[in-house]
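Structure record follows, encoded as C-alpha cells.
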Amino acid sequence: IAWDGGIARTWTPGEAAAHARIDRFCREAMSGYAAGRDRPDQVLTSLLSPHLHFGEITPVQALARVQRELASASQAGLHGGAEVYERELYWREFAHHVLYHFPKTPEQPMNERFAGFVWRSSKDYADDLRRWQRGQTGVPIVDAGMRQLWTTGWMHNRVRMIVASYLVKNLLIPWQEGERWFWDTLVDADLANNTLGWQWVAGCGDDAAPYFRIFNPVTQSQKFDPEGRYLRHWVPELGKLPDKILHAPWMADAGLLRQHGLTLGQQYPRPAVDLGESRARALEAFARIKG
C-alpha cells in the first residue's frame with residue numbers, strides 16, 4: 001500500500017521549497033489572509049508549518065520575508081494580512097515557551113482542575129474514536145478534515161479546531177487521544193504546538209478556550225466552506241448534494257437524499273452522535289469542574 005502517496009504529491013521537503021512557499025504566500029495570499037485564513041476551500045495560508053517544524057526555514061526568516069514585502073507594498077490589504085500572520089508566528093513561539101516551562105503538558109492538563117474530569121472509558125469510545133480517525137463520523141466537515149489529514153499529512157487550522165472540538169466535547173474522548181493521532185499523522189507534528197492546540201480546545205491549557213465553547217460543526221462548515229468545495233473534494237460521496245443539505249445531510253428528507261444518489265448508512269454513515277444532545281452532555285460534564 002502506497003500509504004505515503006498523498007504526502008509525496010503534496011509536499012516538497014527542503015530549504016528551497018520552504019522559501020518558495022513563503023514567496024508564494026507573500027505574492028498570492030497575504031493580501032487575503034486576514035479575511036480568508038479560516039477558509040479551508042481556499043489556499044490563503046502559508047502552508048509553511050512543516051518547513052518551520054523541520055528547520056528548513058526559521059520563524060525569523062519568515063517574519064523578515066513578510067516585512068520585506070510590506071516595505072515595498074502598494075496594496076492596502078497586505079498590511080492587515082501581514083499583521084495577522086505575524087501574530088500566528090508569535091503564537092507558535094508562545095507554544096514553545098509554555099512547553100519549556102510546563103514540560104508535563106503533553107500528557108497532563110495545565111489547569112489542574114481538569115485532572116478530575118470524567119471522560120468516557122476507552123472501551124466505550126473505541127468505535128467512535130476509530131470512526132473519527134477514519135473520517136467516518138457522519139459529520140461532513142469533520143470527515144473532510146480527517147481525510148485530508150490522512151491523505152496529505154496536513155489539515156487546515158480552522159478544521160483542526162472543529163475536529164478537535166468534536167472529539168473532545170461531542171464525543172467526550174480525552175484530548176490526549178486526539179493529540180496522539182495528530183502526532184502520528186501530521187507532517188508538521190510539533191510537540192509544543194500540538195499540545196497547546198489540543199489543550200486550548202479542551203479548555204484546560206494556558207489561555208484556553210472556555211469550557212463552554214463548543215464548535216457547532218454545521219454552522220462552522222456553512223460559514224467557512226459556503227459553496228461546499230472543501231467538502232465535495234474530501235467527501236466525494238456527498239458531491240451531488242445541493243449546498244442547502246450538504247453540510248448536514250442527516251437533516252434532509254430521505255427521499256430527497258435518494259434523488260441525489262445518497263442513502264445514509266450506505267454510501268455515507270449516519271452521525272455518530274446527536275450534536276445537540278452531545279453538546280448538552282458536554283456542558284454538564286465540564287460544568288462539574290468549572291469551580
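The values are calculated or read from the model by the stated rules, or taken from the named source; none is laboratory data. Everything numeric in this text was worked out from a predicted model, so none of it was measured. All Cβ positions, glycine included, derive from the backbone under ideal geometry; neighbour counts span all protein chains shown. Heavy atoms of the whole protein, side chains included, go into the accessibility calculation; ligands, DNA and RNA do not. Shrake-Rupley method; radii C 1.70, N 1.55, O 1.52, S 1.80 Å.
A few notes on this one:
- For ARG158, the test of being farther than 25 Å from GLN267 by Cβ, surrounded by fewer than 24 Cβ atoms within 10 Å (Cβ to Cβ), touching a Lys or Arg at 6+ places or on another chain (Cβ under 8 Å) and touching a residue at least 12 places away in the same chain (Cβ under 8 Å) is passed.
- Checking each residue in segment 162-209 for being surrounded by 20 or more Cβ atoms within 10 Å (Cβ to Cβ), β-branched (Val, Ile, Thr) and part of a loop (DSSP other than H, G, I, E, B) picks out only ILE173.
- Top-ranked residue of segment 246-256 - restricted to ones that are touching a Leu at 6+ places or on another chain (Cβ under 7 Å) and over 23 Å from GLY36 (Cα atoms), ranked as least open to solvent (accessible area, probe 1.4 Å): PRO249
- For segment 210-242, a residue qualifies if it is over 19 Å from GLN148 (Cα atoms), open to solvent by 70 Å² or more (accessible area, probe 1.4 Å), over 17 Å from the mean Cα position of the chain (by Cα) and free of Cβ contacts under 8 Å to residues at least 60 places away in the same chain, and exactly one does: LYS240.
- Residues within segment 93-128 that are surrounded by fewer than 18 Cβ atoms within 10 Å (Cβ to Cβ) and part of a helix (DSSP H, G or I), tallied: 15
- Residues located in segment 275-286, provided they are free of Cβ contacts under 8 Å to residues at least 60 places away in the same chain and either open to solvent by 80 Å² or more (accessible area, probe 1.4 Å) or of a type in the set (Phe, Trp, Tyr) (or both): GLU277, GLU284
- Test set (1) part of a helix (DSSP H, G or I); (2) within 18 Å of SER165 (Cα to Cα) - VAL273 fails condition number: (1)
- Number of residues in segment 238-263 that are under 14 Å from VAL139 (Cβ atoms) and in contact with a strand residue (DSSP E or B) (Cβ under 8 Å, 6 or more places away or on another chain) equals 3.
- Number of the condition not met by ALA35 [criteria: (1) more than 20 Å from MET146 (Cα to Cα); (2) small (Gly, Ala, Ser); (3) open to solvent by less than 60 Å² (accessible area, probe 1.4 Å)]: (3)
- First in segment 261-273 and under 24 Å from LEU172 (Cβ atoms), second anywhere and of a type in the set (A, V, I, L, M) and not in a loop (DSSP other than H, G, I, E, B), Cβ under 7 Å, 6 or more apart: LEU264/LEU257; TYR268/LEU238; ARG270/LEU264
- Taking segment 179-193 as the range and being within 23 Å of SER121 (Cα to Cα) and either touching a residue at least 40 places away in the same chain (Cβ under 8 Å) or of a type in the set (Lys, Arg) (or both) as the test, the residues that pass are GLU179, ARG180, TRP181.
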